[in-house]
Structures are given as C-alpha cells and as structure tokens.
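FYI, it's all coordinate maths here, none of it is from the lab. All figures in this text were calculated on a predicted structure; none of them were measured in a lab. Cβ: placed from backbone, ideal geometry, glycine included. Neighbour counts: every protein chain shown.
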Amino acid sequence: MDWVVLICSVIFVIFMAAPLLGGAPYLPSRKAAIEKMMELAAVGRGVKFADLGSGDGRVLIEAAKRGADATGFEINPILVLVSRYRIRKEGLADRARVYFKSFWRADFYEYDVLTIFGITRIMPALEKKILNELKPDGRVVSFAFRFPHWPYARVEDGVFLYKNPKNFI
Ligand SMILES: C[S@@+](CC[C@H](N)C(=O)[O-])C[C@H]1O[C@@H](n2cnc3c(N)ncnc32)[C@H](O)[C@@H]1O
C-alpha cells in the first residue's frame, strides 16, 4: 500500500512540475484543433516542425503523418516515454522524435513551423524568444493563447496563426 502511495505521489509531482518549470500543465489537444493547426500552418512534406511541450506526441505524430520532419520538446518523462512508444507504433521513427528537454533551452532557428498549447503567463517570454529565432518565412500556431504584442495573421476555432513580422516590414 505504501508503494502505491509513493508511486502515485511521484507521478503527481512529475505532472505538476511543468507549471513550476515555466510551462503549461498537461492537457491534450482535441483532434479538431490539431487538424486546424496543421491546416493554418500548411504542414506537409518537407516542413520542419516542432511542438513546444509535446505531451503524448499526438500533434507531432499528425505532422509526421502529413510528411513533415517532426520534433517535440517535453519535460514530463512519462509523456516522453509514451510519445516515443506511439511514434514507434505508428512507424514514424524516421521522421519524428521527442527530446526530454525544456523548450526554453531549445533553439528554434531550424524550424519552419512551431506549435504551442501554452498558458497566458508564458506567452510574453515565448513571444520574445520566438521572434528572435524564427526563420524569415517561419510560422507559429498557438492553440487557445495569444501573444501579447505580435498581431496574428489568422484565427480560426481558437487556433492563432502567426507569421514572421519581418516579412511584412
Ligand atoms: C497543454 S499540454 C499540450 C500537449 C500537446 N502539445 C498537445 O497539444 O496535445 C502542454 C505540455 O507542455 C509540457 N511542458 C510544459 N512546460 C514545458 C517546457 N518548459 N518544456 C517542454 N515541455 C513543457 C507539459 O508537460 C505538457 O505536456
């Protein structure tokens, strides 16, 4: 019984760590929202894609199924294991991967598309980081949460599309 309590406590702490480490708690995106993210960001063959806080991998798996080279950054080790298992099960290991790493310590320079399902509190710092590192033709889709200063290019069904403003200056 003590072991059950201990294991449950460890799992609870792991799932509660994300908000404390500068991110959103785990809440998976719905299928409709994922499809809207893919559509607005034009995810397809040849696109370099990253999900910032990739949860159980469902968003990056959908991107890889559409032909993208897909990466996830995730700080919850249980979700990292789950998403790696799902990637292998779907036969997508050649073009999808998940790093057990905070997206705050990742570089975004190589990606065409970034997706985020964050939380209001992190959006100002994330806006600054992404605007510094985004490719000239890079795009970002954010589910449910807006950046404070960066005007979005489109919004549909709670999914905000952002294009690099350097393109429009
Ligand atoms: C709201 S969930 C979204 C999961 C997935 N992107 C989806 O849409 O289904 C946010 C995820 O970000 C992870 N996370 C929070 N802070 C993070 C950080 N600093 N670096 C990497 N992942 C983080 C959480 O563990 C959680 O799995």
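Okay, residues lined up against (1) more than 9 Å from the ligand (Cβ to nearest atom); (2) farther than 18 Å from Gly158 by Cβ; (3) among the polar types (S, T, N, Q):
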| position | (1), (2), (3) |
| --- | --- |
| Pro28 | no, no, no |
| Lys36 | yes, no, no |
| Ala50 | yes, yes, no |
| Asp69 | yes, yes, no |
| Arg95 | yes, yes, no |
| Ser102 | no, yes, yes |
| Phe117 | no, no, no |
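A search for C-beta distances below 7 Å between a residue of the stretch 69-85 that is touching a residue at least 60 places away in the same chain (Cβ under 8 Å) and within 16 Å of Val13 (Cβ to Cβ) and any residue that is of a type outside the set (A, V, I, L, M) and near the ligand (Cβ under 10 Å from one of its atoms), counting only pairs 6+ apart in sequence or on different chains, returns Asn76/Phe15; Asn76/Tyr26; Pro77/Phe100. In the stretch 31-46, the residues that are within 14 Å of Thr115 (Cβ to Cβ) form Cβ pairs under 7 Å with partners that are in a loop (DSSP other than H, G, I, E, B) and within 13 Å of the ligand (Cβ to nearest atom), at six or more places apart or across chains, as follows: Ala33/Gly158.
Is there a residue being over 15 Å from the mean Cα position of the chain (by Cα) and crowded, with 19+ Cβ neighbours inside 10 Å anywhere in the stretch 101-124? Looking through the stretch 101-124, none of the residues is over 15 Å from the mean Cα position of the chain (by Cα) and crowded, with 19+ Cβ neighbours inside 10 Å.
Residue pairs whose Cβ atoms lie under 7 Å apart, sitting 6 or more positions apart in sequence or on different chains, and linking a residue in the stretch 95-109 that is under 16 Å from Ala68 (Cβ atoms) to a partner that is of a type in the set (Asp, Glu), are Arg95/Asp69; Val98/Glu74; Phe108/Glu133. Here the helices (runs of 4 or more DSSP H) wholly within the stretch 39-141 that include at least 1 residues being among the aromatic types (Phe, Trp, Tyr) are 77-89.
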